[in-house]
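Here is the structure we will look at.
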Amino acid sequence: MRLALLAAALLSLLACNRGGPPPRSPDAPASACPIGTDPEIRALGAAFVQSAPAVGVSIGIQRAGAAECYDFGVMNRATGAPPTPQTVYEIGSLTKTFASALLARAVLEQRLQLDDDIRRFLPEPYPDLEFAGQPIRVVHLANLTAELPNWLPDRPELFADLKPEEIPAALLAVHRDYSRADFYRDLHQVRLAAAPGSRPRHSNVSAQLLSFILERVYGRPYEALLAEFILGPLAMDRTAFHAGQPPASLARGYDASGREMPYVDMQDLKLAGGLTSTSADMLKYVAFQLDETREEVALGHRVTVEAEGDAIGLSWHIDRGAAGAPTIWHTGGTFGFSSYLVLHPARELGLVLLANESDPQSQTRLVELADRIAQHLAARD
């Protein structure tokens with residue numbers, strides 16, 4: 001199921017002010033990640049970047065409480081600089097899992113319920129955000145079943161006659177000055193084609209609305225919530241939206257033809273796919289997500305809908321093998337970056353793969369690489 005959805009998920013993102021890093025706890029671990037030495041993993045990574053159109057990849061592995069990092073290729077073709085565990089990548093729709101972690105916390109704090117009608121939290125009436133009397137509920141924003149469009153403004157005709165390489169600039173132009181007021185205005189034009197809750201469909205609009213609702217129930221900006229509840233406690237001091245990153249640390253992203261691609265720095269869409277991070281930082285998030293003794297983590301991994309061969313929790317896709325052990329995963333893609341995070345809680349194993357190249361098959365290749373690494377580690381046990 002993972003491989004069947006990945007190219008569509010990437011194309012969905014493309015078609016899927018931070019004043020500084022959050023304060024670090026005095027007892028927080030350092031950002032350094034031990035460099036891995038496993039010869040098989042090193043061979044797999046080297047083979048990955050030697051196959052076109054790959055450019056660079058950073059791999060983080062969290063296993064039985066220990067972390068290790070591997071880096072291959074280059075972070076910038078112009079300079080030839082290699083990536084490190086501190087190289088910053090766009091993580092695309094992996095951003096959505098952070099909102100779902102905050103949602104789970106808000107539910108546990110009884111600030112809202114998963115089955116609440118989202119219109120309770122909107123700034124004005126939206127009578128059309130229902131189908132045959134069935135409203136969009138909060139959970140539908142997090143499990144991809146809200147029946148909302150992928151983008152607002154919902155103007156696919158603007159891109160119909162463009163060449164693929166022309167779409168990024170056109171999207172950036174549309175969203176450069178698109179405000180939250182514009183978003184709420186265009187939300188009035190949305191008409192649902194089916195009842196929410198049954199058909200998973202990628203939607204940046206759903207992720208934006210969920211973030212706005214979290215701001216409403218907490219009475220605080222979304223970035224402040226991220227800093228207080230996730231980035232600060234986990235010492236993820238290299239995870240931020242673009243405005244919070246030193247330019248020298250940013251990898252350069254490319255498409256399949258080797259063209260440099262623009263960064264996804266659109267203010268209106270940053271809550272849906274605008275976070276940037278490093279493999280070292282993301283391993284801290286992996287360790288957090290592997291700890292299902294945390295109530296908010298367990299709630300996020302609980303299946304909320306099963307449809308079209310997919311089981312989804314709060315953002316996370318959940319596969320079950322023959323033995324019943326879950327594999328929990330999410331992908332991300334931007335104009336020039338691809339990412340994949342996968343959790344095997346029963347094995348105390350999690351992997352994150354960040355790459356600075358994007359095309360319709362790039363996420364699939366990351367999944368295949370992660371699967372080979374996981375299989376190797378299982379055979380080594």
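Each reported figure results from applying straightforward, stated rules to the coordinates on display, with no laboratory input. The structure presented is a predicted model; accordingly, all values stated were derived computationally and were not measured. Neighbour counts run over all protein chains shown; Cβ positions are idealised from the backbone, glycine included.
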Open item on the list: Taking 2.2 N^0.38 Å as the expected size of a compact globular protein, what ratio does the Cα radius of gyration of the chain give against it, to two decimals?
Closed with: 0.93
Open item on the list: Whole-Hz ³J(HN,Hα) for each residue in segment 245-260, computed from phi via Karplus 6.51 cos²θ - 1.76 cosθ + 1.60 with θ = phi - 60°, x for glycine and proline: what do you get?
Closed with: 10, x, x, 5, 8, 7, 5, 9, x, 9, 9, 5, 8, x, 6, 5
Open item on the list: Test of understanding: extend the Cα→C-beta vector of Asp38 to 7 Å, then name every residue of segment 344-363 with backbone N under 20 Å from that spot.
Closed with: 344-355
Open item on the list: How much length would be gained if the chain were fully extended between Glu124 and Ala64, taking 0.36 nm per residue of separation minus their Cα-Cα distance, in nm to one decimal?
Closed with: 16.7 nm
TODO: Pick out, from Ala256, Phe48, Gln86, the residue whose Cα sits farthest towards the positive end of the charge dipole of the chain, with +1 on the Cβ of Lys and Arg and -1 on the Cβ of Asp and Glu.
DONE: Gln86
Task: Sequence-distant residues sharing a close amide H with Ala256 (under 5 Å, placed H) - done: Ser358
Open item on the list: What FRET efficiency comes out for Ala46 versus Ala169 if R0 is 35 angstrom and r is the Cβ-Cβ distance? Round to the nearest 0.05.
Closed with: 0.55
Open item on the list: Between Ala243 and Thr84, how high is the FRET efficiency from 1/(1 + (r/R0)^6) when r is the Cβ-Cβ distance and R₀ = 30 Å? Nearest 0.05.
Closed with: 0.85
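On a full-extension model of 0.36 nm per residue, what is the gain between Gln113 and Ser179, subtracting their alpha-carbon distance, rounded to one decimal in nm? Walk me through the numbers on the way to the answer.
Details: separation 66, 0.36 × 66 = 23.76 nm, distance 2.77 nm.
Length difference between fully extended and current span is 21.0 nm.
Suppose R0 equals 30 Å; then what is the FRET efficiency for Asp381 and Glu228 from their Cβ-Cβ distance, rounded to the nearest 0.05? Intermediate results must be reported in sequence, preceding the final value.
On the way: r = 38 Å, r/R0 = 1.26.
After rounding to 0.05, the efficiency reads 0.20.
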Task: Long-range HN-HN contacts of Ser315 with modeled amide H, under 5 Å - done: Asn143
Task: Karplus-derived HN-Hα couplings along segment 123-138 (A = 6.51, B = -1.76, C = 1.60, θ = phi - 60°), whole Hz, x at Gly and Pro - done: x, 7, x, 10, x, 8, 7, 7, 9, 6, x, 9, x, 6, 9, 3
Open item on the list: Just to confirm a number: summing +1 for Lys and Arg and -1 for Asp and Glu over residues other than Asn143 whose beta-carbon lies under 13 angstrom from that of Asn143, what do you get?
Closed with: 0
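Among 135-146, 72-83, what's the highest-first ranking by average C-beta atoms within 10 angstrom per residue? The partial results should precede the final answer.
Details: 135-146: 25.2, 72-83: 16.6.
Most protected by this proxy first, the peptides run 135-146, 72-83.
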Task: Helix-derived mean residue ellipticity, 222 nm - over the chain, DSSP H n ≥ 4, -39500 (n - 2.57), to 500 - done: -9500 deg cm²/dmol
Open item on the list: Could you derive backbone 3J(HN,Hα) for segment 360-377 from the dihedral phi with the Karplus parameters 6.51, -1.76 and 1.60 (θ = phi - 60°), listing whole Hz in sequence and x where the residue is Gly or Pro?
Closed with: x, 10, 5, 5, 4, 5, 5, 4, 4, 5, 4, 5, 5, 5, 4, 5, 4, 5
